[in-house]
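Here's the structure, in structure tokens; my notes come after.
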Amino acid sequence: MTTLSAVRYALWALLAGVVIGVTAAALGLFPGAQKGTVSGTATLGAPFTLTAMTGEPYSWEPATGAPHAIFFGFTFCPDVCPTTLYEMTTWLDRLGSDGESIKALFISVDPERDTPEKLANYLSAFDDRIIGLTGSREDIDKVAGDFRIYHKRVELDDGDYTMDHTASVLLFKPDGSFFGTIAYGEDAETAVDKLRRLARS
Amino acid sequence: MAIIQRSAFVALACAFALSFIALPALANDTLTLKEAWTRATPPGATNGGGFLMITNTGDEADRLTGGSVSGVGKVEIHTMVMDGDVMKMRELPDGLEVPAGETVTLKPGGDHVMFMQLEKPFEEGQMLDVTLTFEKAGDMSTMFMVQPVGATEPKHMHGSN
């Protein structure tokens, strides 16, 4: 009996601890959650200058005044990247004039192979609003880190390699705040709806 | 009893005769390949994924290990997995098993035939004569139809779309 009571007290104490912990976390660590916004918005993305597929420098900073859809990939990618690029093309097409303000940036995680010329050639198959960006390995790593994009070179046989990378599209409002993501394989209706709301944000 | 035997004989004879007719879906004793397709590749792309259905009507598992096609440096069997929101592509060094009595579908976002080192892009509407290599069945040829860049499934393989 005594043992049971002890166990019961311990469980109640544990539960109380969990409740206090969760509440503290919600209030302290995720203040944005109360306002219905996404947490950590202030730290996602940082100003950068990379090289556009035209060969010109291309700079991005928060509060550009335009809504942005930013995603990462590489042209040696056989499935996800062309699929996302194709989907982005159809989404923008479906938005019509609603989507005119949206800037779409495709940032290479494989700058060693993706030269500006290669990106320009590759992206000519997709919507011309999509701007391809590349740069030095150091710059790309910095940008990917700032946007919390995972990427890793994985060796294949015969000296070939592939890149593991985060496949989501990141959306930013004109004021530079994080709007949300479009996941790989997300339903087209949902994606178009998100982009429409982004364009109006 | 005699009727059953005769039917069985006719069926066997038909199967034997059919095996000499060139069918779009190519089959050997146990494996059938169908709905083979790939996508048009963007300019300058050197890789492409191939997809198809492989049905094994035999009693033993077989294994797709690779293949070859003219104008393509090498053909490997790869898989793609999403680990959270991270895309990972890996070679399947031992190939892909096709269990006895089952159909395995290679499709976007999963297992695929990886065409590497393309000499020139795949163009929509083109047909690729691909030889696939199986551990037991050996080499089998099948035509891969090139679908549009963003195709997610084989549309009207035999239709006029």
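Cβ separations smaller than 8 Å between residues 6+ apart or across chains give the following pairs from region B:72-100 residues that are more than 24 Å from residue A:165 (Cα to Cα) to residues that are assigned to a loop (DSSP other than H, G, I, E, B) and aliphatic (A, V, I, L, M): B:97/B:61; B:98/B:61; B:99/B:61; B:100/B:61. When each of A:171, A:85 is tested for being at the interface with another protein chain (Cβ under 10 Å from one of its Cβ atoms) and either surrounded by 17 or more Cβ atoms within 10 Å (Cβ to Cβ) or not in a helix (DSSP H, G or I) (or both), the lone residue that passes is A:85. Among the residues in region B:120-127, are any over 23 Å from residue B:40 (Cα atoms), within 14 Å of another protein chain (Cβ to nearest Cβ) and of a type in the set (Asp, Glu)? Checked region B:120-127: no residue is over 23 Å from residue B:40 (Cα atoms), within 14 Å of another protein chain (Cβ to nearest Cβ) and of a type in the set (Asp, Glu). Just one of (1) touching a strand residue (DSSP E or B) at 6+ places or on another chain (Cβ under 8 Å); (2) outside any helix (DSSP H, G or I); (3) more than 10 Å from chain B (Cβ to nearest Cβ); (4) among the acidic types (Asp, Glu) fails for residue A:139. It is (2). Inside region A:88-113, residues that are closer than 25 Å to residue A:51 by Cβ and either at pLDDT below 90 or at the interface with chain B (Cβ under 10 Å from one of its Cβ atoms) (or both) make up a count of 3. Here region B:86-111 is the region considered, the condition is being part of a strand (DSSP E or B) and out of contact with any Asp or Glu (no Cβ under 7 Å at 6 or more places or on another chain), and the residue that is nearest to the other protein chains (Cβ to nearest Cβ) is B:89. Just one of B:146, B:130 is at pLDDT 95 or above, crowded, with 19+ Cβ neighbours inside 10 Å, of a type in the set (A, V, I, L, M, F, W, C) and closer than 21 Å to residue A:121 by Cβ; which is it? Selected residue: B:146, the only one of B:146, B:130 that is at pLDDT 95 or above, crowded, with 19+ Cβ neighbours inside 10 Å, of a type in the set (A, V, I, L, M, F, W, C) and closer than 21 Å to residue A:121 by Cβ. In region B:36-85, what residues are assigned to a strand (DSSP E or B), at pLDDT below 95 and among the aliphatic types (A, V, I, L, M)? B:80, B:81, B:82, listed by residue number.
The values are calculated or read from the model by the stated rules, or taken from the named source; none is laboratory data. It should be emphasised that the depicted structure is a prediction, and the values quoted were computed from it without experimental measurement. Cβ: placed from backbone, ideal geometry, glycine included. Neighbour counts: every protein chain shown.
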